[in-house]
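Heads up, the thing below is written out as structure tokens.
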Amino acid sequence: MLNIKTSALLLLIILGSFSVRAQDSLSLFKTIANQYDTERNFKGTLYNNPASMANHSDYSFSEFGIGYRHDHKKVYRQQLGNGDRGLTVEAGSFQKLKPNRYVWGKAGYQNLKTDQVKWNETLDYERISPYIAADSVGGHLKTERYHFAGGYLQKINHWSVAGEISYLAQMGYRTRDPRLKSTTSDLRIRAGINYNIFKKYEVGIFGEFSKYTQNSSITFQSALGRAYTYQMTGLGASNYLFNGGTYPNSTYEEFAYKGGLQILGNGGKDFYVSAAAGTSNNIKAYINSASSNVFNDLSELKNETLELEGAKFFNLREKHRAGISANFFSSVKMGSEYGYSLNTASLTQIFKRTSYRKENYTAGVKGFYQYTGGDFSVSAIPFFGYEEIKERRLYPDAGQKFTYSYIGVTIDYKQQVKENQTLTLQPCFSKRSVNKSVNALVATGNGAVDDWVLQDYTFQTSDMILLGTSLRYDFALKKLPSFFVSTQYQLQKIQKKNNNFISASIGITF
């Protein structure tokens, strides 16, 4: 992996490759208000279609920042650890090269350390679970992440044609037994076409393809003993035939596709409707590097997703704007496992059976209000949501179910302090309430595993309250880019204990 200095240099080169245009015609306050437009963040799925990026911003902008974050949790899921801390570097740019041509890009680097990770010896837990490698020892995990993305849009008469490519690479490792080393790569390609059918009305189609791989290995240096490793299959069950490998290696390979439709009014400023459906297929293979070089497929995880969202906006009066949106998301994962025979000198696959299913359904409604004055603006986004999760497996039979309701609000206040200074304050509040939970878990015969599964169930049946705020100060100097400093703090209350998150960053906008 690249070191920090090299990564920062690459980010600056990427930004420098764009045709940066100074916003001389705008005050600093209006530049920041445009660059961090609350309404743009409100439009959740609109920009999944790269052909809709023409209305992303009225002006060009770029930003580069370096920060530090510290997330400390007293109550947490063991397989995710008790929070992370470390360095983050982020850069982004959106450029209007001509009235009919746009480019944009993002780049980022993170160097983080997560403590007390147990029952998970892989990266991207939410993506590949339940088919993870696990043990009861674990430890801290160091992770480096690199992300690059770039897009291009061209308008031709009534048509808007666009494409975007992004790539995310990760490396996670541990320097004490069990010594995990895991690398991932995630390549995504998006394309979209919008057509202006009548006046300000557009219809668009878009698609996405992604290829994901992960290679994970566990090694041991201690001569006194090794942690017993499990190849988990969900809700505490594991593949006993492949458990306890001397130097277990796992590989994951996933191909995913998604396609969608959009209808927009005035580029999404009046209304938009978006729908997308996707499918992915992730295959896990296993190799015990101490005994053979033959990979055995252990599982296959399919995921069918559906996304629906619609929003409508209103100009109430000259300085007042409001909106409302509704969304629905569903994910249905189906897991299949492979069985092998030990009756011969080598393993022979004898069956493949579907034994795991997880359903996740989420629906929500958001409101939007913004008032823009001459030297300040204030906006509010209240929201309400409902979520249902069903998880079950066969052989042995087990399951659990949760339903949640969410309520909260995010406030954004921007104030021009002086002509060359702007202050942004963003307080937020949210609450998750557990409406119903069902425990149909079964004992596995392993006390450590049973304790973990029960602890994870207890976490998922806990109410949560989140309070937080962020503060950002932008200031401009003559003949130099605008600088900013920012800080964020969040407090999450769960099981009568407090989880704390704090971050700080500095950077430039131009």
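The values are calculated or read from the model by the stated rules, or taken from the named source; none is laboratory data. If you're wondering where the values come from, they're calculated on a predicted model, not measured in any experiment. Note that we place each Cβ from the backbone using ideal geometry, even for glycine, and neighbour counts take in every protein chain shown. Side chains are part of the model used for accessible areas, which takes the heavy atoms of the whole protein and leaves out ligands, DNA and RNA. Shrake-Rupley method; radii C 1.70, N 1.55, O 1.52, S 1.80 Å.
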Mind grabbing the base-10 log of I(q)/I(0) for the range 212-285 at q = 0.27 Å⁻¹? Debye formula, identical points on the C-alpha positions, no solvent, two decimal places.
-> -1.20
Any idea of the accessible area per residue across the chain, 1.4 Å probe, to the nearest Å²?
-> 48
Two decimals is fine: what's Rg over Rh for the range 57-212, C-alpha atoms, Kirkwood radius as Rh?
-> 1.11
Rounded to a whole %, the carbon-and-sulfur portion of the accessible area of the chain at a 1.4 Å probe is 58
Ratio to report: Rg/Rh of the range 434-499, with Cα atoms as the point set and Rh obtained by the Kirkwood method; give two decimals.
-> 1.36
Which value in Å does the Kirkwood hydrodynamic radius of the chain take, with 1/r averaged over all unlike C-alpha pairs and then inverted?
-> 25.2
Just the number, please: Stokes-Einstein D of the range 270-319 in µm²/s, Kirkwood Rh from C-alpha pairs, 4 °C, 1.567 mPa s.
-> 83
Radius 13 Å from Cβ of Ala33, net charge of other residues (Lys, Arg +1; Asp, Glu -1) = 0
Quickly estimate the mean residue ellipticity at 222 nm for the chain, helices only: each DSSP H run with n ≥ 4 gives -39500 (n - 2.57), and the total goes over all residues, rounded to 500.
-> -2500 deg cm²/dmol
Apply the Kirkwood formula to the range 27-114: the hydrodynamic radius equals the inverse of the mean of 1/r over all pairs of different alpha-carbon atoms; give it in Å with one decimal.
-> 15.8
Please give every one of the aspartates and glutamates within straight-line cross-link reach of Lys96, meaning a C-alpha to C-alpha distance under 14 Å, and leave out same-chain neighbours fewer than 8 residues apart.
-> Asp58
Tail beyond 24 Å, pair distance distribution of the range 242-386 (Cα, percent) | 57
A convex hull over the alpha carbons of the range 140-251 yields, per residue, a volume in Å³ of 148
Rounded to the nearest 0.05, FRET efficiency between Ala275 and Phe483 (Cβ-Cβ, R0 45 Å) equals 0.60
With Cα coordinates, the longest principal axis of the chain makes an angle with the long axis of helix 447-460, in degrees rounded to 10, of 20
Filtered hits (aspartates and glutamates, Cα-Cα < 13 Å from Lys106, offset >= 8 within chain) -> Glu63, Glu90, Glu164
Please calculate the 1.4 Å probe accessible area of Leu306, with all protein chains present, and give it to the nearest 10 Å².
-> 60
Relative contact order %, the chain, counting alpha carbon pairs below 8 Å whose residues are six or more apart | 12
Mind ordering 232-241, 326-335 by average Cβ neighbours within 10 Å, highest first?
-> 232-241, 326-335
Grab the Cα-Cα distance for Leu454 and Asn111, subtract it from 0.36 nm times how many residues apart they are, and report the gain in nm with one decimal.
-> 120.3 nm
Which entries in the list Lys118/Lys496; Lys200/Lys312; Lys333/Lys366; Lys199/Lys312; Lys43/Lys73; Lys74/Lys113 go over 21 Å, if you measure between the two C-alpha atoms of each?
-> Lys118/Lys496; Lys333/Lys366; Lys43/Lys73
Where in the range 254-273 is the amide nitrogen less than 16 Å from a point lying 7 Å along the Cα-to-Cβ axis of Lys302?
-> 254-258
Tail weight of P(r) past 11 Å, computed on alpha-carbon pairs of the range 88-128, percent | 77
